Amino acid sequence: MQFNLPIAPDEFYAAYMPLLESSGALYVNGAFVGRIGAVAPVAPAMGRLAPSMPKAPPAFVGFPPRLVSIPPDLLRAGANTIYLQLWVKRGTRGALSTIAVGPRPAVRAAYQRRVLVVVTGPRIVIILSCVLGLFIGLLWMRRRRESTYGYAGLSAVAFALFVAGRFVISEPVLPFPYWDLAVRGTLECYIVLMCFFALRYGGWRRPRLERLLWGYVIVSPVLDGAALLGVGGWPIQEWWLMTFAVTVFYVAIFWIIAWQKKTVETLCLALAGSFKFVISANEYLLPYPIDLPHYQPYAYLPMFLVIGWMLVDRFARSLNEFEKLNAQLERRVADKHAELACTYERMQAMERNQAVVEERSRIMRDMHDGIGAQLISTLNLVEHGEYSGTDVAAALRECIDDLRLTIDSLEPTENDLLPVMGNLRYRLDERLRKQGIDLDWQVSEVPEISCLTPQNVLHVLRILQEAFSNIIKHAHATGIHVETGLDATGKHIYIQVRDNGVGFCGQRTGRGIASMKHRANLIGGRLDIQSSAAGTTLNLLLPVS
């Protein structure tokens, strides 16, 4: 084969053969490029390939497409010559499709499409057939009376072995002709087993016919070997027609059964068998374009899908019968289930009501201890004339802030600290600006905190409110730094509030700090306060879980 190139290429080319039913070696411009199949390299001589071949013929190579890369240094501008030396087994006919040569990326795309049909597809069929065979085999082991489907399962496994040996495995593990005999044996086994399945499915017992079929399985390897070795002039193609005749036999049985029973199941079996018949007839009896892929690996796929559907349908019908037998028990269970559901709903309603009562009590207690106490204290001081208007306004602002904290604690947080801190900043921004205090807000996202119930949110807010109030009233600070994060152990979330005020003496903590630490303990956290002349740092640690 010759082809012309306008210039010498600087990229890899490739030779693509969609079909090659033999082994060989490829040469470009007299240089060896690569072997195809099991043939050893043969050196060219005088512009022609040497006629010598290996003494031991290689085993049969299947139908995978072939792609041989051609280095650019072997190609030249102008005419280029490709030599392909092939070996065809005695008694068989070899096959070589059109050879496509071009840049490797373009040729490889066509090669991959062919691989999908003739390699990947058959592998999927093998997996499906083995799964079906394994499933039926397990069913047969548990129910020995299911011999009908047992033959179908064995046929599926034999078909998977045939497809693997004939279309998928490109490097046989046995020498010629044993590999070929093994592959052909699996073909004849799955066809004969399918005949037994058809006979058992139709309820037919034909001992003589069954012995004849078993005899065919035993004799066929002998005749196959004779045909492959050319003994006695037995032609291989004629023996393929005998295999085709057995296929026609079991397809005819399926159509007879479909005619007698006239059910969807039997019709599907007959149509699935006819699919195999059409593919076999097209391959064995009619001229077949050599460039087209072989569809023999897919011939039994409809049959196995129908058998799988039959098993599923049978299983479903068995379940329906079982459900009918247990209808009364199911009704009793349903009645009990409904009764339990009603009881469960009543318990849930009681739990919801109890939760509402507890939450209402908590809110009332918080308002009584917080804003209520402050309002009563403010009212007493006003009545005794001890507060000026400015003092009353400040006291009322504290009451409003406390009320807002209670409201903020009721907001859903979904265990997220950011909304809680965001509400706090919203409440504090204006107040801090009026006091001339700069706020450095370094609050970042932290892991979820499972203890952020409304009660605990209120504890956190009141701790931070007390901290900010102390800074505003006593620290004389000009800046506050607020930061959140995960501590070094990864078990606690920290909230840090740091000011640059005058600090306080550790011995003069008062009841406010004691109350803050008590609230931290109620949450399950810890409060650390460090104060010096350079300012005060508060660290509130909250458990992550």
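The values are calculated or read from the model by the stated rules, or taken from the named source; none is laboratory data. Nothing here was measured: the structure is a model prediction, and the numbers come from that model. For neighbour counting, all protein chains shown are included, and Cβ atoms are generated from backbone atoms with ideal geometry for every residue, glycine included.
Which numbered condition in (1) β-branched (Val, Ile, Thr); (2) over 22 Å from Gly422 (Cα atoms); (3) part of a strand (DSSP E or B) is the only one that Thr489 fails?
Unmet for Thr489, out of (1) β-branched (Val, Ile, Thr); (2) over 22 Å from Gly422 (Cα atoms); (3) part of a strand (DSSP E or B): (3).
Would you check if Asn320 is modelled with pLDDT under 85, within 30 Å of Ile99 (Cα to Cα) and in a helix (DSSP H, G or I)?
Spelling it out, it is not the case that Asn320 is modelled with pLDDT under 85, within 30 Å of Ile99 (Cα to Cα) and in a helix (DSSP H, G or I).
Among the residues of segment 445-487, how many are touching a Ser or Thr at 6+ places or on another chain (Cβ under 7 Å) and polar (S, T, N, Q)?
2
Quick one: is Val115 assigned to a helix (DSSP H, G or I) and modelled with pLDDT under 85?
Against the criterion (assigned to a helix (DSSP H, G or I) and modelled with pLDDT under 85), Val115 does not qualify.
Looking only at segment 166-207, count every residue that is small (Gly, Ala, Ser) and under 40 Å from the mean Cα position of the chain (by Cα) and tell me the total.
Residues that pass the stated criteria total 4.
Take the residues in segment 74-94 that are exposed (fewer than 15 other Cβ atoms within 10 Å of the Cβ) and closer than 19 Å to Pro64 by Cβ; name whichever of them is modelled with the highest pLDDT.
Here the residue is Gly94.
Residue pairs, Cβ under 7 Å, 6 or more apart or interchain, first in segment 199-224 and assigned to a helix (DSSP H, G or I), second loosely packed, with under 11 Cβ neighbours inside 10 Å. List them.
Leu199/Arg206
Would you pick out the residues in segment 99-113 that are aliphatic (A, V, I, L, M) and closer than 16 Å to Leu26 by Cα?
Ile99, Ala100, Val101 - these are the residues of segment 99-113 that are aliphatic (A, V, I, L, M) and closer than 16 Å to Leu26 by Cα.
Considering only segment 222-265, state which residues are in contact with a Leu (Cβ under 6 Å, 6 or more places away or on another chain), modelled with pLDDT of 85 or more and not aliphatic (A, V, I, L, M).
Phe254
Looking at segment 401-433 only, could you name the residues that are at pLDDT below 75 and either closer than 28 Å to Gly501 by Cβ or in contact with a helix residue (DSSP H, G or I) (Cβ under 6 Å, 6 or more places away or on another chain) (or both)?
Listed by number, the residues that qualify are Asp401, Asp402, Leu403, Arg404, Leu405, Thr406, Asp408, Ser409, Leu410, Thr413.
Looking at (1) in contact (Cβ under 8 Å) with a residue 60 or more places away in the chain; (2) surrounded by 13 or more Cβ atoms within 10 Å (Cβ to Cβ), can you tell me which one Gly485 breaks?
Going through the list (1) in contact (Cβ under 8 Å) with a residue 60 or more places away in the chain; (2) surrounded by 13 or more Cβ atoms within 10 Å (Cβ to Cβ), Gly485 breaks only (1).
Name the single residue that is surrounded by the fewest Cβ atoms within 10 Å (Cβ to Cβ) among those in segment 466-476 being in a helix (DSSP H, G or I) and over 58 Å from the mean Cα position of the chain (by Cα).
So the residue we want is Lys473.
Which of (1) assigned by TED's automatic domain parsing to the domain that holds Phe254; (2) surrounded by 14 or more Cβ atoms within 10 Å (Cβ to Cβ); (3) over 27 Å from Pro221 (Cα atoms) is the odd one out, the single condition Gly165 does not satisfy?
Only one criterion in (1) assigned by TED's automatic domain parsing to the domain that holds Phe254; (2) surrounded by 14 or more Cβ atoms within 10 Å (Cβ to Cβ); (3) over 27 Å from Pro221 (Cα atoms) is unmet by Gly165, namely (3).
Table: residues versus (1) modelled with pLDDT under 75; (2) over 30 Å from Gln455 (Cα atoms).
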{"site": "Leu286", "(1), (2)": "yes, yes"}
{"site": "Leu329", "(1), (2)": "no, yes"}
{"site": "Arg332", "(1), (2)": "no, yes"}
{"site": "Met364", "(1), (2)": "yes, no"}
{"site": "Ile371", "(1), (2)": "yes, no"}
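Can you tell which of Leu154, Leu132 is buried (at least 18 other Cβ atoms within 10 Å of the Cβ) and either outside any helix (DSSP H, G or I) or free of Cβ contacts under 8 Å to residues at least 40 places away in the same chain (or both)?
Selected residue: Leu154, the only one of Leu154, Leu132 that is buried (at least 18 other Cβ atoms within 10 Å of the Cβ) and either outside any helix (DSSP H, G or I) or free of Cβ contacts under 8 Å to residues at least 40 places away in the same chain (or both).
Among the listed residues Gly535, Gly436, Gly525, Gly479, which satisfies the condition of being exposed (fewer than 12 other Cβ atoms within 10 Å of the Cβ) and modelled with pLDDT of 80 or more?
Only one candidate passes the filter, namely Gly436.
Scan segment 439-452 for residues that are within 20 Å of Gly524 (Cβ to Cβ) and surrounded by fewer than 16 Cβ atoms within 10 Å (Cβ to Cβ) and report the count.
Total satisfying the criteria: 3.
Could you grab me the full set of residues in segment 125-164 that are more than 26 Å from Leu199 (Cα to Cα) and either over 30 Å from the mean Cα position of the chain (by Cα) or at pLDDT 90 or above (or both)?
Listed by number, the list holds a single entry, Ile127.
Inside segment 276-325, can you point out the residues that are of a type in the set (Lys, Arg) and surrounded by 12 or more Cβ atoms within 10 Å (Cβ to Cβ)?
Listed by number, the residues that qualify are Lys276, Arg314.
Show the residue pairs meeting these rules: Cβ distance below 7 Å; 6+ apart or different chains; first residue within segment 234-252 and assigned by TED's automatic domain parsing to the domain that holds Glu283 and closer than 15 Å to Val222 by Cα; second residue of a type in the set (D, E, K, R) and modelled with pLDDT of 75 or more.
Sorted first by the residue in segment 234-252, then by its partner, the pairs are Thr243/Glu188.
I'd like the residue in segment 174-216 that is modelled with pLDDT under 80 and of a type in the set (A, V, I, L, M) and, out of all such residues, is surrounded by the fewest Cβ atoms within 10 Å (Cβ to Cβ).
Among those that are modelled with pLDDT under 80 and of a type in the set (A, V, I, L, M), it is Leu174.
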